[in-house]
Amino acid sequence: MGRESKGQNNVIALLDTSEDLMICREQLGCRVEQLLTPLTRFQRQNKRAKFAIDNGAFAGFKPGEFKGLLLREKDAIEHCRFVAVPDVVGSARRTLEVFEHWKYKLGTWPLALVAQDGQEDLDIPWAQIAAIFVGGTTKFKLSNHAGDIIKAARAIGKWVHVGRVNTPGRFEYFEELGADSIDGTGLSQYTHMREDIWKRYNQPNLLTDLAPDAADSSVLSDGTLSTAVIAAETTAASGSAESA
């Protein structure tokens, strides 16, 4: 694409969107693939392209809708990078318990464990997963503990995905840590948020060397997500989704 002027091709942005992915790619300046979720149930735009599946737990997990999405896409399993196994936001211990329950129900789908707060003190079932999905609170996501998990995954050869990456600071931070892919509701829904990342790389300014959330209008001073971003997460299902 013409705008990829600085070779920003290391990270793939996974977008849960009905917008043209090629246009999104040009706006972001990096590779783009589709993220399917039970919240929106958008159809895949390119039947031969790679994609991933999230479980929708951040906005409230609905087992029936999650299983329905997997059933809909079962014939495309060879194109799927990972399926985020259902998790409990903010609790690694509870997430591992849920993982043990669901892993037997997901057959041959490539599984991703969603790392949550406290994961640093618990074992990761590396042999049973294809990917690690860095979730959790903002504090955990930006911690050294999460960084160490990313480094371990890379050393083992597992795919690394990071959720809730909506701003240039976070994008650059996780790119430098070696993440393979990221997603963010803001990036999926808003052109200006995608273009902010392109501008960060191609129009440097005084914010370039700040911390991951220093220029992040979606993150409040206490490290929590703004009401607007949380609302976008929890109301995604009420938008103009394309049902199966």
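Assorted remarks:
- Counted residues, the range 111-128 - those being touching a strand residue (DSSP E or B) at 6+ places or on another chain (Cβ under 6 Å) and either in contact (Cβ under 8 Å) with a residue 40 or more places away in the chain or among the acidic types (Asp, Glu) (or both): 2
- Every pair of residues 6+ apart whose Cβ atoms lie under 6 Å, when the first sits in the range 133-150 and is within 14 Å of residue 176 (Cα to Cα) while the second is assigned to a loop (DSSP other than H, G, I, E, B) and at pLDDT below 95: 142/212
So that you can scan it fast, the table gives a plain yes or no per residue for (1) among the aromatic types (Phe, Trp, Tyr); (2) modelled with pLDDT of 95 or more:
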site	(1), (2)
34	no, yes
42	yes, yes
45	no, yes
52	no, yes
59	no, no
70	no, yes
91	no, yes
108	no, yes
113	no, yes
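- Of the criteria (1) in a helix (DSSP H, G or I); (2) under 25 Å from residue 30 (Cα atoms); (3) touching an Asp or Glu at 6+ places or on another chain (Cβ under 6 Å), which one residue 160 fails: (1)
- Hey, residue 150 assigned to a helix (DSSP H, G or I), buried (at least 16 other Cβ atoms within 10 Å of the Cβ) and modelled with pLDDT of 95 or more or not: yes
- Boolean, residue 200 is of a type outside the set (S, T, N, Q), part of a helix (DSSP H, G or I) and at pLDDT 50 or above: yes
- Residue that is surrounded by the fewest Cβ atoms within 10 Å (Cβ to Cβ) [pool: residues in the range 15-43 that are touching a helix residue (DSSP H, G or I) at 6+ places or on another chain (Cβ under 7 Å) and assigned to a loop (DSSP other than H, G, I, E, B)]: 41
- Test result for residue 89, touching a residue at least 40 places away in the same chain (Cβ under 8 Å) and surrounded by 14 or more Cβ atoms within 10 Å (Cβ to Cβ): yes
- Conditions (1) among the aliphatic types (A, V, I, L, M); (2) in contact with a Phe, Trp or Tyr (Cβ under 9 Å, 6 or more places away or on another chain); (3) within 26 Å of residue 139 (Cβ to Cβ); number of the one not met by residue 59: (2)
The values are calculated or read from the model by the stated rules, or taken from the named source; none is laboratory data. In this text the structure is predicted, and so the values were computed from the model without any measurement. Quick reminder, even Gly has a Cβ in these numbers, built from the backbone with ideal geometry, and neighbours come from all protein chains shown.
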